[in-house]
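Notes to accompany the following structure.
None of the figures in this text is laboratory data; all of them are computed from the coordinates on show. Owing to the predicted nature of the structure, the values given are computational and were not obtained by experimental measurement. With ideal geometry, Cβ positions are generated from the backbone for all residues, glycine too; neighbour counts draw on all protein chains shown.
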Amino acid sequence: MAPIRTRFAPSPTGFLHLGNVRTALFAWLAARSTGGSFVLRIEDTDQGRYVPESEAAILETLQWLELTWDEGPEVGGPQGPYIQSLRLDLYAEHARRLVESGAAYWCTCAPERLTEMRLEQQRLHQPPRYDRRCLSRQDQVAAERESGMPAVLRLRMPAGTTEWDDVIHGLIRYDNADIDDQVLLKSDGFPTYHLAVVVDDHLMGISHVIRSDEWIPSTPKHLAIYAALGWEAPRFCHAPNVLDESRQKLSKRRGARTVLEYAELGYLPEALINAMALLGWSSGTEQEVFSREELIAAFSLERVQSSPAVFDAHRLDSLNGLHIRRMDGEALVAALEFHLPETSIETRRRLVPLLRERMITLRDAVALAEPLLGPAPWDPDVVFPPRKVDPETTGALLDVAVAEVEARGLDDLEAMRLRLTELLESRGVKARDGFRVLYIAILGHPSGLPVFDAMAFIGVEKSAERLRMARQELDRRRSSPPAG
Ligand code: GLU
């Protein structure tokens, strides 16, 4: 496959969610899997929708996911600047060329007239289209502009049909009569997306435009601009939308989390990348869990489906758990620092073997490790002693456990487990039920981390102390049983 030179061109109008970044990921994978290049360009010509922090958040999101860009903000490159508001001269120059060749024309129609026209079109169930009133009076329009009247530049959509072979959708064809004369320059002189995207994709040497489906209806306009400027158009690859569980487009408004929120919740970049890759792409095999390298090796745009993909939060959870288990030990120790900021690296090294198998997200470490790092939380709602264990057995079990820990420490936990099991058996209590007593004593809760491992972690003194405290709690509850 020839190297693909592609780009991700977000507008800084909000924060990136999995739907937006999935498109960036496809572009990044297309570049990396063909030894091509990946350009990042910030499309900030719509000043009205500009959200200042979002530009920094876009960079942070891609950096956190390690979707590295070869050219773009911060890294620079030969076709810079990579921020559209810094390239206004280029758009003005190409707009001039379009006017000179007759491919674009000025329009001074007042917004009120345009609104009226649209309402009328709506009433007649016609598609919204500019009626080209100004096209036939360009001399007058020139004089009006001269006298300071605001004007926009419009593309003169040529007659005929437009078609292209979309890498993902196959042949797409439009009747140009259905396509409006797109505004290319606004009255403030700023280009619209349509002009800027074509100029930049061409000047930046983009071979494949990979973007979301919603841009399909704009593509005929872009192809008309390419043709008018005498440029060869890139290949277009319109990736399917990502829908939420209610089959609506994933959107911040409907509660989609941003990627940076997932980061804070303890999702791994590797898991998000894996989950996003499966939103519209499949390897054609049964494989579901992919490392970044495996994705690069397996990815191709041809295997991206054209129908929408549905984001499944449970699948992401299960992938996150799997990637945590696959993670290098020291990397996991480092990643947990954010969630357990008070712990030393040594403590986290001891925690990792206990927690690794039991986490869905890194954040789960907080609750799992709580009874190991602080005092065991005695939940007043925990039924103690557990229902299936009589109080005498509970008392005897705790007494034996305390005696064992005091006499022999924690060096032979297996021996302790056997002795406690024997005791339970001799009293006709199932080991599974009896050990709940120990869980509650050591962890404050009838389940959670393996209880003997937890004892080994907290050490002899704390183990003995918690077992004794549980013994006292038993006596206390027996002398004043909880109401109800
Ligand atoms: N700035 C556009 C957006 O954020 C990019 C569309 C494209 O990739 O051409 O959706």
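Pairing residues of the stretch 1-29 that are over 19 Å from Asp201 (Cα atoms) and aromatic (Phe, Trp, Tyr) with residues that are in a strand (DSSP E or B) and away from the ligand (no atom under 13 Å from the Cβ), at Cβ distances under 7 Å and at least 6 apart in sequence or on separate chains, gives Phe15/Thr258. Selection of the stretch 37-83 for residues being in contact with a strand residue (DSSP E or B) (Cβ under 7 Å, 6 or more places away or on another chain), over 27 Å from Glu270 (Cβ atoms) and among the β-branched types (Val, Ile, Thr) yields Thr45, Ile83.
Within the stretch 232-259, count every residue that is surrounded by fewer than 16 Cβ atoms within 10 Å (Cβ to Cβ) and either of a type in the set (A, V, I, L, M, F, W, C) or at positive phi (or both).
Residues meeting the conditions: 2.
Against the test of being in contact with a Ser or Thr (Cβ under 9 Å, 6 or more places away or on another chain), within 25 Å of Lys249 (Cα to Cα), among the hydroxyl-bearing types (Ser, Thr, Tyr) and away from the ligand (no atom under 13 Å from the Cβ), the options Thr13, Thr6, Thr61 yield a single qualifying residue, Thr61.
Residues are listed down the side, and each one gets a yes or a no for (1) exposed (fewer than 14 other Cβ atoms within 10 Å of the Cβ); (2) more than 23 Å from the chain's Cα centre (by Cα); (3) in a loop (DSSP other than H, G, I, E, B):
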residue	(1), (2), (3)
Ser283	no, no, yes
Gln287	yes, no, yes
Arg315	no, no, no
Ala334	yes, no, no
Phe338	yes, no, yes
Arg349	no, yes, no
Val352	no, yes, no
Leu362	no, no, yes
Ala367	yes, yes, no
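The number of residues in the stretch 420-445 being in contact with a helix residue (DSSP H, G or I) (Cβ under 8 Å, 6 or more places away or on another chain) and surrounded by 17 or more Cβ atoms within 10 Å (Cβ to Cβ) comes to 15. The condition (being hydroxyl-bearing (Ser, Thr, Tyr) and under 41 Å from the mean Cα position of the chain (by Cα)) is satisfied by just one residue among Ser101, Ser85, Ser147: Ser85. Residues that are more than 16 Å from the ligand (Cβ to nearest atom) and either assigned to a helix (DSSP H, G or I) or touching a Ser or Thr at 6+ places or on another chain (Cβ under 6 Å) (or both) within the stretch 30-55 comprise Arg32, Ser33, Pro52, Glu53, listed in sequence order.
Look at the stretch 373-384: where a residue is within 18 Å of Ala464 (Cβ to Cβ) and a partner is basic (Lys, Arg), sitting 6+ places away or on another chain with Cβ atoms under 7 Å, you get Ala376/Arg466. Only residues that are buried (at least 19 other Cβ atoms within 10 Å of the Cβ) and of a type in the set (A, V, I, L, M, F, W, C) were counted across the stretch 158-182, and they come to 4. Please verify whether the stretch 222-230 includes one or more residues that are under 18 Å from Glu43 (Cα atoms), under 27 Å from the mean Cα position of the chain (by Cα) and within 12 Å of the ligand (Cβ to nearest atom). Checked the stretch 222-230: no residue is under 18 Å from Glu43 (Cα atoms), under 27 Å from the mean Cα position of the chain (by Cα) and within 12 Å of the ligand (Cβ to nearest atom).
Just wondering, is there one or more residues in the stretch 233-246 that are closer than 27 Å to Asp178 by Cβ and away from the ligand (no atom under 15 Å from the Cβ)? Yes.
When Leu438, Leu423, Leu418 are checked against the criterion of being more than 23 Å from Pro391 (Cβ to Cβ) and in a helix (DSSP H, G or I), Leu418 stands alone in meeting it. Taking the stretch 441-472 as the range and being free of Cβ contacts under 8 Å to residues at least 40 places away in the same chain and part of a loop (DSSP other than H, G, I, E, B) as the test, only Ser447 passes.
Filtered by the rule that a residue be under 21 Å from Tyr226 (Cα atoms) and of a type in the set (Gly, Ala, Ser), the stretch 88-138 gives Ala92, Ala95, Ser101, Gly102, Ala103, Ala104.
Pairs meeting the criteria (first residue in the stretch 202-217 and under 16 Å from Leu243 (Cα atoms), second residue within 11 Å of the ligand (Cβ to nearest atom) and assigned to a helix (DSSP H, G or I), beta carbons under 7 Å, at least 6 apart or on different chains) are Arg211/Thr23; Ser212/Thr23.
Which of the residues that make up the stretch 97-115 are surrounded by 13 or more Cβ atoms within 10 Å (Cβ to Cβ) and touching a residue at least 40 places away in the same chain (Cβ under 8 Å)?
Start the filter on the stretch 97-115 by keeping residues that are surrounded by 13 or more Cβ atoms within 10 Å (Cβ to Cβ), which leaves 97-99, 103-109, 114.
The answer is Arg97, Leu98, Val99, Ala103, Ala104, Tyr105, Trp106, Cys107, Thr108.
Is it fair to say Leu203 is out of contact with any Gly (no Cβ under 7 Å at 6 or more places or on another chain), away from the ligand (no atom under 16 Å from the Cβ) and among the aliphatic types (A, V, I, L, M)?
Working: out of contact with any Gly (no Cβ under 7 Å at 6 or more places or on another chain): yes; away from the ligand (no atom under 16 Å from the Cβ): no; among the aliphatic types (A, V, I, L, M): yes.
No; evaluated as a whole, the condition is false for this residue.
Looking across the stretch 68-96 at every residue that is polar (S, T, N, Q) and closer than 30 Å to Arg292 by Cα, the one that is surrounded by the fewest Cβ atoms within 10 Å (Cβ to Cβ) is identified as Thr68.
Filter the stretch 11-47 for residues that are within 15 Å of Asp70 (Cα to Cα) and basic (Lys, Arg) and give the result.
Hits for the stretch 11-47 are Arg32, Arg41.
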